[in-house]
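These notes concern the structure reproduced below.
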Amino acid sequence: MGKYTLPKMPYAYDALEPHIDARTMEIHHTKHHQKYTDMMNVALEKCSNDIQNKDIKEILSDLSQVPAEVKGAINFNGGGYDNHELFWNNMKPNGGGEPGGALADAIKASFGSFADFKEQFSSKTAPIQGSGWGWLVYNPSSSKVEYIAMSNQTSPRTKGMVPLMGLDVWEHAYYLKYQNKRPDYIAAWWNVVNWDEVDSRLSKAK
Ligand code: MN3
């Protein structure tokens, strides 16, 4: 067995119904997330022990430290491994609503209001070309929260950002239920956001 193993889901596959269907969640976790995990282990075998022993966050934060021949594979599969673990946990059954506390203040400071943030996040994530993610991140250099769109599985960590909340808009994340209607998936997704988890990531990032 490699260093990385598929993280356990924090709830049942059908727990996010009707917003995200059980079959999509099961395939997404057991096939897609599993594949990124397995391929990350394959890529790590070509790395030094020093790299192998590092946390995924440290690896993704500085890809210049990994051998050139596996840099692309680690960017993609290490990103996929980490992004999906964040994604499962920034959702929960009966989630949604609005954040409170420090997260609410940070969102207001950066976006004007929660409604403006939600509108901007949705309208920037919906048109991502091909496969990618929309992210709310913490920028350590400005000490503010920001929106960032990332292609494929590339982690916001590769840009020095701390991921707080990610939305996977690869077709595998929604196609069974929503087909080509990505904006409908995004609109439904707000009902399962786990704001407590996002707020907790913000406090750890500061
Ligand atoms: Mn995915």
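Tell me what the chain gives for mean residue ellipticity at 222 nm when only DSSP H runs of n ≥ 4 count, each as -39,500 (n - 2.57), the sum divided by the residue total, rounded to 500 deg cm²/dmol.
Working: 11 runs with 90 residues, N = 206.
Rounded to the nearest 500, it is -12000 deg cm²/dmol.
Tally up the carbon and sulfur contribution to the accessible surface of the chain as a whole percent, 1.4 Å probe, everything protein left in place.
Working: 4560 of 9580 Å².
Its accessible area is 48 percent carbon and sulfur atoms.
Calculate, for the stretch 60-199, the solvent-accessible area per residue in square angstrom, rolling a 1.4 angstrom probe over the heavy atoms of the protein chains.
Details: 5760 Å² over 140 residues.
Per-residue value: 41 Å².
Helix 34-44 sits at what angle to the longest principal axis of the chain, using alpha carbons and giving 0 to 90 degrees rounded to 10?
The angle comes out near 40 degrees.
In a GNM of the chain with a 10 Å cut-off on Cα contacts, which of Ser110, Ser151, Ser48 has the highest mean-square fluctuation?
Taking springs between Cα atoms under 10 Å, the residue moving most is Ser48.
Relative contact order of the stretch 101-205: what whole-number percent is it, with Cα pairs under 8 angstrom and at least 6 residues apart?
Working: 136 pairs, mean separation 27.8, N = 105.
Across the stretch 101-205, relative contact order equals 26 percent.
Hey, for a label at Ala187 modelled as a point 7 Å past Cα toward Cβ, could you say which residues of the stretch 116-143 have their backbone N under 20 Å away?
116-128, 134
Taking the Cα centre of the stretch 22-90 as origin and charging only Cβ (+1 Lys, Arg; -1 Asp, Glu), how large is the dipole, in debye to the nearest 20? All intermediate terms of the calculation are to be shown ahead of the outcome.
Numbers: 7 positive and 10 negative charges, 52 e Å.
For this selection, approximately 240 debye.
Which one of Ile148, Asn180, Ser122 has its Cα pushed farthest toward the positive end of the charge dipole of the chain, where Lys and Arg give +1 and Asp and Glu give -1 at the Cβ?
Ile148
With every protein chain left in place, what is the accessible area of Asp21 in Å² (1.4 Å probe, nearest 10)?
Taking all protein chains as shown, Asp21 has close to 20 Å².
For the chain, what is the charge dipole size about the Cα centre, in debye to the nearest 20, if Lys and Arg each add +1 at the Cβ and Asp and Glu each add -1 at the Cβ?
Numbers: 22 positive and 24 negative charges, 49 e Å.
Its charge dipole is roughly 240 debye.
The values are calculated or read from the model by the stated rules, or taken from the named source; none is laboratory data. Please read all numbers here as calculations on a predicted model, not as lab measurements. Note: ideal-geometry Cβ built from the backbone for every residue, glycine included; neighbour counts use all protein chains shown. Just the protein is used for accessible areas: all its heavy atoms, side chains included, with ligands, DNA and RNA removed. Shrake-Rupley method; radii C 1.70, N 1.55, O 1.52, S 1.80 Å.
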